[in-house]
Every structure is written in structure tokens, then in C-alpha cells.
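Asks: Just passing along the structure, written as C-alpha cells.
The values are calculated or read from the model by the stated rules, or taken from the named source; none is laboratory data. Note that the structure is predicted; figures quoted are calculated from it, not measured. Virtual Cβ from ideal backbone geometry, glycine too; neighbours counted across all protein chains shown. To get the accessible areas, we keep the full protein, side chains included, count just its heavy atoms, and leave off ligands, DNA and RNA. Shrake-Rupley method; radii C 1.70, N 1.55, O 1.52, S 1.80 Å.
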Amino acid sequence: MDEIKTLVANITEGIQEKKGNGIVVADMTGVEGAICRYFVICQGNSPMQVEAIADSVEEFARKKSHEKPVKVVGLPLAHWVAMDYTDVIVHVFLPETRSYYNLEALWEDARLTSIPDLD
């Protein structure tokens with residue numbers, strides 16, 4: 001379990017590296033029927049920033065946790081990029097897309113932790 005928490009920390013660091021904001025970690029371990037153990041949700045202000053955040057997450061996870069995503073979807077439009085690390089799924093949104101899907105409310109049984117934005 002410590003390896004998974006380290007992966008989440010490295011993913012968060014990758015998001016912060018590209019000034020991703022609104023980071024929320026959803027601990028899904030107590031949610032019956034959950035598809036993974038953690039969601040990491042964040043946003044960028046433009047499709048270019050969303051793509052840069054996804055690239056940074058992939059780099060930090062690979063270099064620091066020796067993990068590669070099983071699947072990455074959404075890069076062509078970069079309104080919502082989902083990165084599947086099996087036990088951790090990363091969601092990088094544009095603000096309006098994030099608001100529309102509102103994953104935090106959808107998984108309201110999860111324990112949510114907000115990570116402060118870096119200046």
C-alpha cells in the first residue's frame with residue numbers, strides 16, 4: 001500500500017510541476033465496487049496545459065515510481081485526460097469539463113483530500 005501512496009504523491013508532484021490546480025485525491029479504498037484505490041483529480045486552464053500536466057504526470061510516475069500507465073485516453077482534444085495506473089486513475093480536466101462531470105460528487109463515499117495550489 002505504501003507504493004501506491006508514493007505513486008499518488010509522485011503524480012501530485014507532476015501535476016504541481018506544470019501548475020495544475022484544484023488537486024483532489026479521492027481515497028476509494030472504502031468504497032464498495034470502486035474501480036481503483038485512488039482517483040487523483042485536477043485541472044489545467046487550457047488544452048495545452050492539460051496535455052502538459054498529463055505528460056508531467058507520466059514522467060514523474062515513470063522516473064520516481066517506475067510506473068507506466070496501462071492506458072491514457074483523451075489527449076487528442078485534451079478536455080479530459082484519464083490515465084490508468086491500475087490502482088490509481090488520474091483525471092486532468094479543463095475547468096468547465098470538470099464542473100460538468102463533477103467526479104467528486106459522483107464518488108461522494110470516497111474520502112476526499114484537497115491539495116493546496118502552489119503559487
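Asks: Please compute P(r) over all alpha-carbon pairs of segment 67-119, binned at 10 Å starting from zero, and give each bin as a whole-number percent.
Replies: 21, 47, 32, 1
Asks: What distance in nm separates the two pseudo spin-label positions at Lys64 and Leu77, each 7 Å out from Cα along the beta-carbon direction?
Replies: Result: 3.1 nm between the two label points.
Asks: Here's another thing I want to ask about it. Rolling a 1.4 Å sphere over the protein heavy atoms, what is the accessible area per residue of the chain, to the nearest Å²?
Replies: Details: 6750 Å² over 119 residues.
So the chain comes to 57 Å² accessible per residue, rounded to a whole number.
Asks: Karplus couplings for segment 108-119 from phi (6.51 cos²θ - 1.76 cosθ + 1.60, θ = phi - 60°), rounded to Hz, Gly and Pro as x?
Replies: Karplus values, whole Hz, x for Gly and Pro: 5, 6, 6, 7, 9, 10, 8, 9, x, 5, 8, 8.
Asks: Could you tell me which GluC sites (Glu not before Pro) in segment 12-119 are loop residues by DSSP with no more than 11 other beta carbons within 10 angstrom of their beta carbon? Provide the component values of the computation, followed by the final result.
Replies: Working: sites: Glu13, Glu17, Glu32, Glu51, Glu58, Glu59, Glu67, Glu96, Glu104, Glu108; in loops: Glu32, Glu67, Glu108.
Filter output for segment 12-119: Glu32, Glu108.
Asks: Another one. At a 1.4 Å probe radius, carbon and sulfur cover how many percent of the accessible area of segment 1-112? Walk me through the numbers on the way to the answer.
Replies: Details: 3020 of 6070 Å².
That fraction is 50 percent.
Asks: So if each residue of separation counts as 0.36 nm, and I subtract the Cα-Cα distance between Glu17 and Ser46, what length gain in nm does that give?
Replies: Values: separation 29, 0.36 × 29 = 10.44 nm, distance 1.57 nm.
Gain on stretching Glu17 to Ser46: 8.9 nm.
Asks: Suppose R0 equals 25 Å. What FRET efficiency, 1/(1 + (r/R0)^6) with r the Cβ-Cβ distance, do Glu104 and Ala9 give to the nearest 0.05? Write out the running numbers ahead of the final one.
Replies: Numbers: r = 20 Å, r/R0 = 0.79.
My answer for the efficiency is 0.80.
Asks: Hey, got a sec? Which chymotrypsin sites (Phe, Trp or Tyr not before Pro) in segment 1-98 land in a DSSP loop and have at most 11 other Cβ atoms within 10 Å? Write down the numbers at each step before the final one.
Replies: Working: sites: Tyr38, Phe39, Phe60, Trp80, Tyr85, Phe93; in loops: Tyr85.
For chymotrypsin sites (Phe, Trp or Tyr not before Pro) across segment 1-98 that sit outside H, G, I, E and B with at most 11 neighbouring Cβ atoms in 10 Å, the list is empty.
Asks: May I pose another question? Once the convex hull of the C-alpha atoms of the chain is built, how many Å³ does it hold per residue, rounded to a whole number?
Replies: On the way: hull volume 11.3 nm³, N = 119.
Hull volume over Cα atoms, normalised by residue count, gives 95 Å³.
Asks: Nearest 5 is fine: what % of DSSP beta bridges in the chain come out antiparallel, could you say? Kindly include the intermediate steps, with their values, before the conclusion.
Replies: Numbers: 18 of 24 bridges.
Of those bridges, close to 75 percent are antiparallel.
Asks: Oh, and also: Report, in deg cm²/dmol and to the nearest 500, the calculated mean residue ellipticity at 222 nm for the chain, where each DSSP H run with n ≥ 4 adds -39500 (n - 2.57) and the sum is divided by the residue count. Spell out each step's value before the answer.
Replies: Numbers: 4 runs with 46 residues, N = 119.
Roughly -12000 deg cm²/dmol at 222 nm, from the helical runs in the chain.
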